[in-house]
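Below is one structure, written out as structure tokens; comments come after it.
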Amino acid sequence: MPQRAYVIDEMISAKAIAARVEELAKEITQTFRGTDQLVVVGLLRGSFVFIADLVREIDLPVEVDFLEASSYGDAMESSREVRLIKDLSGEIQGRDVLVVEDIVDTGFTLHHVIHMLRARGPRRLETIALLDKPARREAEVKATWTGFEIPDEFVVGYGIDYAQRNRNLPFIGKVRFTEAE
Ligand code: PRP
């Protein structure tokens with residue numbers, strides 16, 4: 001449970017997200033046109049809303065799979081390790097793969113996942129992130145497609161949580177704490 005009182009200010013509306021998802025899905029459909037080998041891989045848990053909307057706008061045969069990674073810092077933030085909690089259910093060797101992230105922050109998660117999946121020999125591997133916070137980047141990584149670049153704000157909604165809450169908001173909101181720590 002969140003420890004501090006907060007309010008949520010809308011940052012990106014549900015309508016703006018839907019319009020952007022439609023645009024991105026058109027580009028993805030174009031890029032992968034002709035393939036019947038596309039596996040769309042969602043990173044749990046944050047991407048579950050985005051991937052659900054995105055695949056419904058992609059006009060290609062797709063398979064959907066999920067993996068869960070967790071990153072945690074030790075004393076040195078920049079040596080952050082990423083652990084695999086849940087692996088894919090299917091094989092991706094020789095397949096076209098689209099990895100779906102909700103947000104790229106330090107970039108450690110996406111960097112690690114790309115590295116791990118490339119080693120399995122996909123025919124093609126591309127990435128999409130709904131949100132990108134370039135100001136926070138520590139690992140060198142950039143998604144093939146980005147929905148929105150955002151400033152270094154604490155965001156929730158559309159799959160993204162604060163202490164496991166607020167994932168079900170239909171918009172992206174900015175958390176504003178109303179109590180001092
Ligand atoms: C969040 C988010 C990304 C990752 C981004 O996941 O969903 O996967 O962190 O951070 P990074 O770029 O600094 O690595 P989290 O570990 O909070 O799990 P969740 O998806 O279950 O919320």
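Screening region 126-147 for residues that are open to solvent by 20 Å² or more (accessible area, probe 1.4 Å) and of a type in the set (A, V, I, L, M) and picking the one that is nearest to the ligand (Cβ to nearest atom) gives Val141. Among the residues making up region 1-25, those that are closer than 23 Å to Thr178 by Cβ, among the hydrophobic types (A, V, I, L, M, F, W, C) and not in a strand (DSSP E or B) are Met1, Ala5. Here Leu54 fulfils each of the conditions (1) within 16 Å of the ligand (Cβ to nearest atom); (2) outside any strand (DSSP E or B); (3) out of contact with any helix residue (DSSP H, G or I) (no Cβ under 7 Å at 6 or more places or on another chain) apart from (3). When each of Asp87, Asp102, Asp65 is tested for being within 26 Å of Ile12 (Cα to Cα), open to solvent by 10 Å² or more (accessible area, probe 1.4 Å), within 16 Å of the ligand (Cβ to nearest atom) and out of contact with any Pro (no Cβ under 9 Å at 6 or more places or on another chain), the lone residue that passes is Asp102. For region 71-82, a residue qualifies if it is modelled with pLDDT of 75 or more and near the ligand (Cβ under 10 Å from one of its atoms), and the qualifying residues are Ser71, Arg80, Val82. Screening Lys86 with (1) in contact with a Gly (Cβ under 7 Å, 6 or more places away or on another chain); (2) more than 23 Å from Leu169 (Cβ to Cβ); (3) not β-branched (Val, Ile, Thr) gives one miss only, at (1). Filtering region 107-125 to residues that are surrounded by 15 or more Cβ atoms within 10 Å (Cβ to Cβ) and either within 13 Å of the ligand (Cβ to nearest atom) or under 20 Å from Thr29 (Cβ atoms) (or both) leaves Gly107, Phe108, Thr109, Leu110, His111, His112, Val113, Ile114, Pro122, Leu125. Scanning region 155-181 for residues that are more than 12 Å from the ligand (Cβ to nearest atom) and in a loop (DSSP other than H, G, I, E, B) turns up Asn168, Leu169, Pro170, Phe171, Thr178, Glu179, Ala180, Glu181.
Quick one: in region 26-51, which of the residues that are part of a helix (DSSP H, G or I), surrounded by 20 or more Cβ atoms within 10 Å (Cβ to Cβ) and of a type in the set (Val, Ile, Thr) is farthest from the ligand (Cβ to nearest atom)?
Ile28
The values are calculated or read from the model by the stated rules, or taken from the named source; none is laboratory data. Computed from a prediction, not measured in an experiment: that's the story for all the values here. Glycine also receives a Cβ, built like all others from the backbone with ideal geometry; neighbour counts cover every protein chain displayed. In case anyone asks, the SASA skips ligands and DNA or RNA and just uses the protein heavy atoms, side chains included. Shrake-Rupley method; radii C 1.70, N 1.55, O 1.52, S 1.80 Å.
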